[in-house]
Amino acid sequence: MQLNSQVNVQAAQSEIRQQGRTRLANFLNSDDLSALCREVDAINQWNLVSRLQGRHLDLDAQAMQGISSAQRQEFYRRLAEEPGFTYLFENYPIYDKWHSGALKATTPQLAKVFTLLNSAPVLQLMRELLDAPDIGFADAQLTRYRAGHFLDKHDDAVEGKSRVAAYVLSLSHGWQPQWGGALEFYHPDGSVSERFLPQLNTLSLFAVPVPHAVTRVKADIQAHRLSITGWFRCGEDPGP
Ligand SMILES: O=C(O)CCC(=O)C(=O)O
Ligand SMILES: [Fe+2]
């Protein structure tokens, strides 16, 4: 798998310098993208991740489908009442599976993307774009936002993770603005400065720390907001 885009490094670099973010269209070539999307569509083991009482929750998405409606209502009630930062979406942990040796056998296209993100050409491109010669590796997860899913405002800064920039490679076809699921950025006064809508095969890139959120996917939307997302990080990969 190879980088497709004839990225205009100068243009992307000046956008990053001025606004702290940019988007690289046509990131993968179309054959690789098709194979990847087919593989992702067939994945049936997802985690449902959330945060309640200030603690991260990693649930089995399929098991959660099977809970009673009373239990579901209780879960949503507690989520709505969570006072601080929270989220609800599904993920497939690419980085963890890579490190446990399971990624290539179960999802070879994801293993190829992970390898591409950690290849010399991509890491070199990111070092240039972000003026960050210390970038050493990328981590990654596949995320799936379905109706009702969201990610509250946060800035991605986590002590010890050495995150230079976040990336989001969209795998959603024909996403509509009215469906929600926008990646939002903010002015210092809290008003929305920009919304990135999911755009198939576009890699959104933004500096850490910068406040952002994923708006709630509207109820009754059948489409899935699918992305490969993670961070370009400094130093050597310490593993999960
Ligand atoms: O999916 C996105 O657009 C952003 C995800 C994000 O901000 C995160 O996972 O920290
Ligand atoms: Fe984030």
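The values are calculated or read from the model by the stated rules, or taken from the named source; none is laboratory data. Keep in mind that this is a model prediction, so the values were computed, not measured. All Cβ positions, glycine included, derive from the backbone under ideal geometry; neighbour counts span all protein chains shown. Calculation scope for accessible area: heavy atoms of the full protein, side chains included, ligands and nucleic acids excluded. Shrake-Rupley method; radii C 1.70, N 1.55, O 1.52, S 1.80 Å.
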Single residue of region 144-187 satisfying the filter (near ligand 1 (Cβ under 10 Å from one of its atoms) and among the small types (Gly, Ala, Ser)) that is farthest from PHE85 (Cα to Cα): SER170
Selection count where residues are surrounded by 12 or more Cβ atoms within 10 Å (Cβ to Cβ) and either in contact (Cβ under 8 Å) with a residue 40 or more places away in the chain or among the small types (Gly, Ala, Ser) (or both), scope region 77-95: 11
Among (1) open to solvent by 70 Å² or more (accessible area, probe 1.4 Å); (2) without any contact (Cβ under 8 Å) to a residue 60 or more places away in the chain, the one test that GLN2 misses: (2)
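Output the residues belonging to region 203-240 that are among the aromatic types (Phe, Trp, Tyr) and closer than 19 Å to PRO93 by Cα. Please lay out each step first, then the result.
Of the residues in region 203-240, the ones among the aromatic types (Phe, Trp, Tyr) are 206, 231-232.
Once the filter is applied, which keeps residues that are among the aromatic types (Phe, Trp, Tyr) and closer than 19 Å to PRO93 by Cα, region 203-240 yields TRP231, PHE232.
With farther than 30 Å from TYR76 by Cα and open to solvent by 20 Å² or more (accessible area, probe 1.4 Å) as the only criterion, which of ALA25, ALA42, ALA12 stands out?
On inspection, the qualifying residue turns out to be ALA25.
A quick yes/no check of all residues on (1) surrounded by fewer than 18 Cβ atoms within 10 Å (Cβ to Cβ); (2) among the acidic types (Asp, Glu):
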residue: PRO133; (1), (2): yes, no
residue: ALA140; (1), (2): no, no
residue: ARG144; (1), (2): no, no
residue: GLY148; (1), (2): yes, no
residue: LEU151; (1), (2): no, no
residue: GLU159; (1), (2): yes, yes
Among (1) more than 15 Å from the chain's Cα centre (by Cα); (2) under 23 Å from LEU110 (Cα atoms); (3) more than 14 Å from ligand 2 (Cβ to nearest atom); (4) basic (Lys, Arg), the one test that LYS161 misses: (3)
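Taking the condition out of contact with any His (no Cβ under 8 Å at 6 or more places or on another chain), modelled with pLDDT of 95 or more and loosely packed, with under 12 Cβ neighbours inside 10 Å, does ALA105 pass? If you could, list the steps in order and put the result at the bottom.
Details: out of contact with any His (no Cβ under 8 Å at 6 or more places or on another chain): yes; modelled with pLDDT of 95 or more: yes; loosely packed, with under 12 Cβ neighbours inside 10 Å: yes.
Yes, satisfied.
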Filtered residue count, region 108-128, keeping only those that are more than 17 Å from the chain's Cα centre (by Cα) and crowded, with 22+ Cβ neighbours inside 10 Å: 0
